[in-house]
Amino acid sequence: MQTLRTPDERFAGLPGFAFAPRYIEIGPLRMHYLDDGMKTAPVALCLHGQPTWAYLYRRMIPMLLGAGFRVVAPDFFGFGRSDKPVDEAIYTFDFHRSSVMSLIEALDLRRVMLVCQDWGGLIGLTIPMDMADRFDRLLVMNTMLGTGDVPLGEGFLAWRGFSNRSPDMDIAALMQRAVPTLADKEAAAYAAPYPDARYKAGVRRFPNLVPDRPDAGGAALSRRARDFWSQHWSGQSFMAVGMKDPVLGPPVMGQLRQVIRNCPPPLELPDAGHFVQEAGEIIVTEALKSFGPVR
């Protein structure tokens with residue numbers, strides 16, 4: 001397996017991101033994750049999407065730590081400081097899902113709050129059903145379940161087309177278009193893991209992994225997850241929606257809320273788009289009010 005590893009110097013001095021990197025070997029690959037807080041505390045497992053990495057949670061992590069959570073934020077393979085296989089065929093739904101499950105088991109994470117957005121939700125929402133004793137809270141933002149039996153929206157199809165036409169996507173420019181308040185150095189930090197197009201195989205692959213038919217990879221898992229969330233989930237839930245998201249915005253999140261048993265009305269953020277974690281402070285504040293004390 002030909003694999004690339006982003007040089008450490010690319011991550012020096014990133015604004016707002018003074019967290020110590022940690023690594024775990026999963027098969028032949030090295031996965032990066034952040035792990036801060038008391039090891040005995042409830043866990044906030046923060047899963048990012050495309051084309052981002054754990055940097056996306058920099059505004060939420062300090063508040064989660066301050067509330068008493070242990071925060072674990074991995075980078076999917078192909079993203080952030082994790083190893084990046086060059087062959088796009090390696091990146092499958094099951095490849096990503098099993099790697100996150102391996103991390104959970106290796107760290108023996110329990111009393112977990114799943115914090116997810118974008119692909120963090122597409123994958124993350126399929127995990128608790130097979131690890132139900134480990135999860136008791138959900139904080140979900142601008143994402144979906146890829147069940148393959150619901151048509152994908154025009155917004156997603158447009159995004160997939162754009163991504164496929166952009167094999168060397170300008171990630172910094174994309175992030176500043178999506179988040180106009182983002183400073184230049186913050187936008188550059190999102191692009192730090194990718195010195196050139198060779199490092200972006202995982203970024204390119206994600207949009208084409210969204211299940212678009214019933215027999216697509218991950219679709220059956222996602223349908224099973226839909227049944228779990230609607231029939232068997234007994235934990236606490238909180239939903240935040242970036243209302244300006246053209247891909248996974250209010251209509252998609254409305255459908256997802258109907259699936260999650262006892263999910264309260266969402267926190268609607270009228271000025272936030274797809275990368276809603278950039279408004280993370282208000283999300284954490286309101287989620288903690290909803291959940292009550294962290295024990």
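The values are calculated or read from the model by the stated rules, or taken from the named source; none is laboratory data. Just so it is clear, the model here is predicted, and its values are computed rather than measured. Using ideal geometry, Cβ is built from the backbone for each residue, glycine included, and neighbour counts are taken over all protein chains shown. Keep in mind that these areas ignore ligands, DNA and RNA; they rest on the heavy atoms of the full protein, side chains included. Shrake-Rupley method; radii C 1.70, N 1.55, O 1.52, S 1.80 Å.
The charge dipole of the stretch 163-252, taken about its Cα centre with unit charges on the Cβ atoms of Lys, Arg (+1), Asp and Glu (-1) only, comes to about 200 debye.
Short-range pairs are left out: with C-alpha atoms under 8 Å and at least six residues apart, the relative contact order of the stretch 133-213 is 43 percent.
DSSP beta bridges fully contained in the chain are about 35 percent antiparallel. Within the listed set Leu45, Leu114, Leu269, the residue fluctuating most in the Gaussian network model of the chain (springs between alpha-carbon atoms under 10 angstrom) is Leu269.
In the list (i) 76, 44, 41; (ii) 45, 42, 40; (iii) 62, 51, 38, the label attached to Cα extents along the principal axes in Å as derived from the coordinates here is (ii).
Excluding same-chain neighbours fewer than eight residues apart, the lysines reachable from Lys185 by a Cα-Cα span under 30 Å are Lys84, Lys200, Lys244. For the chain, the solvent-accessible area of protein heavy atoms averages 40 Å² per residue (probe radius 1.4 Å; ligands and nucleic acids excluded). Structural size metrics of the stretch 60-195, computed from C-alpha coordinates, are Rg and Dmax of 16.4, 43 Å. Of the chymotrypsin sites (Phe, Trp or Tyr not before Pro) found in the stretch 127-218, not one falls in a DSSP loop while having at most 14 other beta-carbon atoms within 10 Å.
For the stretch 73-155, applying the loop criterion from DSSP together with a ceiling of 11 other beta carbons within 10 Å to the GluC sites (Glu not before Pro) yields no site.
Loop-located trypsin sites (Lys or Arg not before Pro) in the stretch 54-130 (DSSP state not H, G, I, E or B) with no more than 14 neighbouring Cβ atoms inside 10 Å: Arg110.
Solvent-accessible area of the chain (1.4 angstrom probe, protein heavy atoms only): carbon and sulfur portion equals 52 percent. Apply the Karplus parameterisation 6.51 cos²θ - 1.76 cosθ + 1.60, with θ equal to phi minus 60°, to every residue of the stretch 49-58 and state each ³J(HN,Hα) to the nearest whole Hz, in sequence, with x for glycine and proline. Per-residue couplings from phi come out as x, 10, x, 8, 7, 4, 3, 4, 9, 4 Hz.
Extension gain for Gln231-Lys185 works out to 12.1 nm (0.36 nm per residue, less the C-alpha to C-alpha distance). Each principal axis of the Cα cloud of the stretch 1-88 was taken in turn, and the coordinate range along them, longest first, works out to 41, 28, 21 Å. Given +1 at the Cβ of Lys and Arg, -1 at the Cβ of Asp and Glu and no other charges, the dipole of the chain around its Cα centre is 360 debye to the nearest 20. Could you list which residues have their amide H under 5 Å from that of Ile26, counting only those 5 or more apart in sequence or on another chain, with H placed in the peptide plane? Result for Ile26 returns Met31.
Each part reduced to its alpha carbon centroid, the stretch 149-201 and the stretch 1-57 end up 19 Å apart.
Under the convention that each Lys and Arg Cβ holds +1 and each Asp and Glu Cβ holds -1, the size of the dipole of the stretch 1-156 around its Cα centre is about 600 debye. Mean residue ellipticity at 222 nm, helices only, the chain: -9000 deg cm²/dmol; runs of at least 4 DSSP H residues each add -39,500 (n - 2.57), and the sum is divided by the number of residues.
Our note on the geometry: Cα centres of the stretch 86-129 and the stretch 219-248, 15 Å apart.
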